[in-house]
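The values are calculated or read from the model by the stated rules, or taken from the named source; none is laboratory data. If you're wondering where the values come from, they're calculated on a predicted model, not measured in any experiment. No Cβ is skipped: glycine too gets one built from the backbone with ideal geometry, and neighbour counts run over all protein chains shown.
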Amino acid sequence: MKKNILLVAGGTGGHIWPAISFGSWIETNKKEFNVNYVCGARLIEHEIYKSVNIEPRVLPIEGSPFSGANISQKIHRFLTFFISFFRAQRILRELDPVICILFAGYISVPFMLLCKFNKIPIVIHEQNAYAGKSTRVARIMKIDIFTGWEECNPLKNGTFTPIGVPVRTFKKYDRKDAWKKLGFLERLPKGIIVVGLTGSLGSVSIKDKISKMAKKEKYKKWIFVLPGVSDKPEKIQNNVFLLPHVWDASLLYSLADIAVARGGASTLAELGSLGIPSVVVPWREASDDHQFSNASIFTAENAAVIWDEKRNLTDFENKLAKVYKIYQDPSVKNNIRLYNSANRTCESFWLALSLKIERSAFFGSGQEHKS
């Protein structure tokens, strides 16, 4: 009988895609295990999982109880957070997992506490270069921490294990096919294609800045594709095309010569593994400014530069010019640290977990111990 592995990931794509990536690797390479997922109640979470035909179990959490917009929302979140403990306990009883792998974020907390209580093996993967609150709590609880980067402030070296961010396997489409599948009615224009990758929440501010810049004569033969900022595929300028959310990122990566991306760890790991030169625009309102931390490490080791949104468009154009020079250099990919690293990360992560999993599978889970 197959043993269950539980992956807990919710909130945004930055937490969910690494979990799906690692889960897919397990399903392909370790067929003696069943992979199960848990997410929160936000619509965006369900859209992401649905896009890859996964039906996760759901906790009624829609956000951190500490970040509500007003008192009413905070009270509601605290209540759903409390209810989620009972739902999480039921999930653990049903699955009796050999290990629970948390992908950080507020949804991790109920499982963190319950797995400790039930003596179920548990680890947490922190995607960002600055540890979130749940990961800092995990450190206090002496839960093994695996990280996406060599640094994970404010944690001290030696208290975590750098492993990388699990990345999806991407299909390489012919450009014309990718363009058509994205839903554009126009023929694929000729020229350099810049794709905006602004995360599962999108970014209207980046769309507005790029649209303004794209009107200049020197970008007349450039094409800018911006997903997540429209309800339908549409052309708003001669060289600016908008899209709704695109969950099959293979289509976007097949088009991209250059990317303009937010500083989410999952997106950066994907760009690095594919060797796509990038301008990284960290969202400075992210908790603990973790996107800037991610971007700082990423740009030091990959074909990318950072642009601060508070700077003017001329500065952005200068950054884009630098990345264009990188794009023109065919030798760059050989010097990108993350290039072609997707499978290596999952293999390393599994190797690090295997001893815990083997012990749990041999001795039985913590719930069997307690019964």
Among the candidates Gly63, Gly11, which residue alone is of a type in the set (Gly, Ala, Ser), closer than 22 Å to Leu113 by Cα, free of Cβ contacts under 8 Å to residues at least 60 places away in the same chain and assigned by TED's automatic domain parsing to the domain that holds Tyr106? Gly63
Do you know which of the residues in the stretch 14-46 that are without any contact (Cβ under 8 Å) to a residue 60 or more places away in the chain and β-branched (Val, Ile, Thr) is nearest to Ile101 (Cα to Cα)? Val35
Of all residues making up the stretch 55-69, the number that are out of contact with any Phe, Trp or Tyr (no Cβ under 6 Å at 6 or more places or on another chain) and either at pLDDT below 80 or of a type in the set (Lys, Arg) (or both): 6
Got at least one residue in the stretch 247-261 being in contact with an Asp or Glu (Cβ under 9 Å, 6 or more places away or on another chain), among the hydroxyl-bearing types (Ser, Thr, Tyr) and part of a helix (DSSP H, G or I)? yes
List pairs: first residue in the stretch 217-235 and over 21 Å from Lys176 (Cα atoms), second residue of a type in the set (A, V, I, L, M, F, W, C) and in a loop (DSSP other than H, G, I, E, B) anywhere in the structure, Cβ distance under 7 angstrom, at least six positions apart or on different chains. Ser230/Leu243
Residue ID - surrounded by the most Cβ atoms within 10 Å (Cβ to Cβ), chosen from residues in the stretch 39-61 that are under 23 Å from Arg90 (Cβ atoms) and of a type in the set (Gly, Ala, Ser): Gly40
Whether any residue in the stretch 71-88 is of a type in the set (A, V, I, L, M) and either in contact with a helix residue (DSSP H, G or I) (Cβ under 8 Å, 6 or more places away or on another chain) or crowded, with 22+ Cβ neighbours inside 10 Å (or both) is what I want to check. yes
Only one residue in Val204, Val167 is out of contact with any strand residue (DSSP E or B) (no Cβ under 6 Å at 6 or more places or on another chain) and loosely packed, with under 15 Cβ neighbours inside 10 Å, so which one is that? Val204
Restricting the search to the stretch 319-346, which residues are modelled with pLDDT of 70 or more, more than 20 Å from Leu102 (Cβ to Cβ) and in a helix (DSSP H, G or I)? Lys319, Leu320, Ala321, Lys322, Val323, Tyr324, Lys325, Ile326, Tyr327, Gln328, Asn343, Arg344
Tabulated pairs, the stretch 342-359, first touching a residue at least 24 places away in the same chain (Cβ under 8 Å), second crowded, with 16+ Cβ neighbours inside 10 Å and among the aliphatic types (A, V, I, L, M), C-beta under 6 angstrom, 6+ apart or interchain: Ala342/Val167; Ser348/Ile163; Phe349/Ile163; Lys356/Ile99; Ile357/Val98; Ile357/Ile99
Selected residue (only one of Val165, Val195 is at pLDDT 95 or above, more than 25 Å from Lys235 (Cβ to Cβ), of a type in the set (A, V, I, L, M, F, W, C) and touching a helix residue (DSSP H, G or I) at 6+ places or on another chain (Cβ under 6 Å)): Val165
